[in-house]
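Have a look at the structure below before the remarks.
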Amino acid sequence: MKLNLKRPLAFFDLEATGINVASDRIVEISILKAMPDGSEEVKTLKINPIIPIPLETSLIHGIYDEDIKDAPKFKEVAKEIIDFLGDADLAGYNSNKFDIPMLMEEFLRVGINFDIDNRKFVDVQNIFHQMEQRTLKAAYKFYCGKDIINAHSAEADIKATYEVLLSQIEKYVGKDYEDRKGNISQPVKNDVEALHDFTNLNKPVDFAGRMVYDEDNQPLFNFGKHKGKTVFKVFDEEPSYYAWMMNGDFPLYTKNRLEKFWKQHREQKFENKQSAKAPELKTKPISTTNTKVDPPQQKQTPQQTQPKPKDNKPVDEDMLKMLAGKFKKL
């Protein structure tokens, strides 16, 4: 099938350091330009983002810092991208929410005003989501072939949800699934633990998704300027971030989890401090077994010096007479 085009339609996809449009950077852009005559042109560019690529992001798209260290910076390829796009309309998958905003952000950072006012945007994901709705009603019809009676009543909805899960297990048991890293597994099983793992692929710490666990089960911030950093590293680098979140407009459960990590961090720091002090306190023990310890000697002044006593002799009669004679003379 050939697209009915009045002007080129440029399908493009970005790989980036993350998904935060405001702070992350493009590391690769690939553009397929479909022409009105049915021909196609493709351009792919690696880009040095200037900032490090978090490891967890590299594991997803396969681009590491060393792969783009010699690649041109965005400002060096910006004109090449604009020239290739020309007057084309723009298309992509989730492009309205991610690819187009991020591309616009990169152009603005280097002082280029990329005109999009007269372009059309086609987001293929939106077609998918709107034609194949992701509602419980649509899922019940798709998996169970039935319509929900009394839809949106709690009891009817929960019974429908239960039936949908049973039908999903029957439909997908033994079916291959390929994750974003290319790993193939059969995750849908009649086993709650397996279903838990599959339905929590991003391993959230809190239900709001402000923090997630990495592959080593270390909690990471999943938003803002510290996105991709471990919670404990941020506590070390910027302790005030904890206070800012605890006083901010975040869900209580998020704060509850954050407080737990803060306490762990403080306890670990205290233990490390005590361990560091321990070698200073350790001295070689002195054995007192069969060891005579002399009392400390006090320096005596001349007035304090006492004459050495003479040997004592038993008192006899001659000594008494001698003493009596002395006292009589006094």
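The values are calculated or read from the model by the stated rules, or taken from the named source; none is laboratory data. Quick caveat, the model's predicted, so the values are computed rather than measured. Note: ideal-geometry Cβ built from the backbone for every residue, glycine included; neighbour counts use all protein chains shown.
Table for the structure above
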read-out: Sole residue being polar (S, T, N, Q), at negative phi and modelled with pLDDT under 55, chosen from Q268, Q264, Q274, Q303; value: Q303
read-out: Test: residue in segment 169-178 that is in contact (Cβ under 8 Å) with a residue 12 or more places away in the chain and in contact with a Cys (Cβ under 7 Å, 6 or more places away or on another chain); value: no
read-out: Check on N94, touching a residue at least 40 places away in the same chain (Cβ under 8 Å) and surrounded by 14 or more Cβ atoms within 10 Å (Cβ to Cβ); value: no
read-out: Among the residues listed as E40, E56, the single one being of a type in the set (D, E) and either under 18 Å from D83 (Cβ atoms) or in contact with a Lys or Arg (Cβ under 7 Å, 6 or more places away or on another chain) (or both); value: E40
read-out: Residues of segment 10-20 satisfying the condition of being within 16 Å of Y93 (Cβ to Cβ) and either surrounded by fewer than 19 Cβ atoms within 10 Å (Cβ to Cβ) or among the acidic types (D, E) (or both); value: D13, E15, I19
read-out: Sole exception among (1) among the small types (G, A, S); (2) under 22 Å from A16 (Cβ atoms); (3) loosely packed, with under 12 Cβ neighbours inside 10 Å for A71, by number; value: (3)
read-out: Per-region count, segment 114-170, residues among the charged types (D, E, K, R), farther than 21 Å from H196 by Cα and under 34 Å from the mean Cα position of the chain (by Cα); value: 2
read-out: Counted residues, segment 127-164 - those being of a type in the set (F, W, Y) and under 24 Å from K97 (Cα atoms); value: 1
read-out: Test: residue in segment 74-86 that is within 28 Å of the chain's Cα centre (by Cα) and of a type in the set (G, A, S); value: no
read-out: Checking L3 against (1) assigned by TED's automatic domain parsing to the domain that holds V122; (2) surrounded by fewer than 14 Cβ atoms within 10 Å (Cβ to Cβ), the condition it does not meet; value: (1)
